[in-house]
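Notes follow the structure.
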Amino acid sequence: MQWSYIHVPLRYGQGKLGVDQGPMKLNELGMEKLLPTGTVKQTIRVLPESEIRENEEHLKRVDGVLHTVTELAEVIDSEIRANRFPLIVGGDHSMAIGTLAGLAKTGPFGVIWVDAHADLNTGDTSPSGNIHGMPLAAAMGMGDIRLTEVGGRDSKLSPNHLVYIALRDIDEGEINEINRLGIKVITVEEVRTRGVDVIMQEALSYLRERVDRFYISFDMDSLDASLVPGTGTPVDGGLTEVEAKAILKEAMQAEDLIAVELVELNPALDRDDMTAQLAYRLCETIIKSKENLLLEGETV
């Protein structure tokens, strides 16, 4: 299978400068050398700040977000239909509105969302108005129509097609929605006490009972705050590097995985490239795990 490497240098979904530099930083560290031969490379266009007009209190910089995620949805749709495997690197997590919408164009799918935050707010429930906290709500048809209709009017994701891993900083409105919708949550404590292999098998079995393919979205703040100074919203009590790599390796070795996304690397907040180097090592795990699986398939 051919790879697709998609840069999404988007920062308008949150308020801190620098997260748009994440993809470029990974390239500086050597991503080009990691990518398999023949990888298709694309960069999604982001509006210059001078063209941002809408800065509503409950949906900050919404037109900037919409411009990028609408294009990303089209690109993801095209790449999946071309039988390419997308590795999507951001950028802030609002970009996932586009990823989710693009995947939905090609049929039902499941999601493993590795994140300290539930990203299930709407403009009405968000304490900040930052859209990077809203992608899953938008995908489920909740919130402002401008976000929910990216990629089409239908809902993009069913609540029972979602598994959270590493949640620990959840707003009250999100807790209410998780309970109301019955969304499956696997905590960091469960990862640690039960083991990555067990919880990943549980997550995959849960999704496979409902859908025949899935994607994984990995937020750098799922890791413990001590490991990721270069992310916008670090939270204590997160994953270790070993745990994060193991989660990604298990996901990447699943034959029904269709895409992977890594977000919220902010070089401007980093210390001595600590977070960037970690993000690079995670990308190395992603690529090598998938390539080894493909090579094994060729030798059978």
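The values are calculated or read from the model by the stated rules, or taken from the named source; none is laboratory data. Since the structure is predicted, the reported quantities are computational estimates derived from the model, not experimental observations. Heads up, the Cβs are rebuilt from the backbone with ideal geometry, glycines too, and the neighbour counts pull from every protein chain shown.
Some points to look at:
- LEU47 vs. criteria over 24 Å from SER155 (Cβ atoms), modelled with pLDDT of 95 or more, in contact with a helix residue (DSSP H, G or I) (Cβ under 7 Å, 6 or more places away or on another chain) and in a loop (DSSP other than H, G, I, E, B): yes
- Being within 15 Å of ALA96 (Cβ to Cβ), surrounded by 16 or more Cβ atoms within 10 Å (Cβ to Cβ) and among the charged types (D, E, K, R) is a description that does not apply to ASP20.
- Enumeration of residues in the stretch 80-116 that are farther than 19 Å from LEU157 by Cα and among the acidic types (Asp, Glu): ASP92
- Any chance SER4 is outside any loop (DSSP other than H, G, I, E, B) and more than 19 Å from the chain's Cα centre (by Cα): no
- Residue-level analysis places VAL211 outside the set of residues that are within 18 Å of the chain's Cα centre (by Cα) and either farther than 23 Å from GLY15 by Cα or among the aliphatic types (A, V, I, L, M) (or both).
- Some residue of the stretch 126-134 being among the hydroxyl-bearing types (Ser, Thr, Tyr) and either within 18 Å of ARG11 (Cα to Cα) or at pLDDT below 95 (or both): yes
- Per this entry, ARG153 is not counted among residues that are surrounded by fewer than 18 Cβ atoms within 10 Å (Cβ to Cβ), out of contact with any Cys (no Cβ under 9 Å at 6 or more places or on another chain) and closer than 30 Å to VAL242 by Cα.
- Hits in the stretch 255-294 (condition: of a type in the set (A, V, I, L, M), assigned to a helix (DSSP H, G or I) and modelled with pLDDT of 95 or more): ALA268, LEU269, MET274, ALA276, LEU278, ALA279, LEU282, ILE286, ILE287
- Restricting the first member to the stretch 90-111 and to residues that are free of Cβ contacts under 8 Å to residues at least 60 places away in the same chain, and the second to residues that are assigned to a strand (DSSP E or B), the beta-carbon pairs closer than 9 Å and six or more apart or on different chains are LEU100/VAL111; LEU100/TYR215; LEU100/SER217; GLY102/PRO86; GLY102/ALA259; THR106/ILE258.
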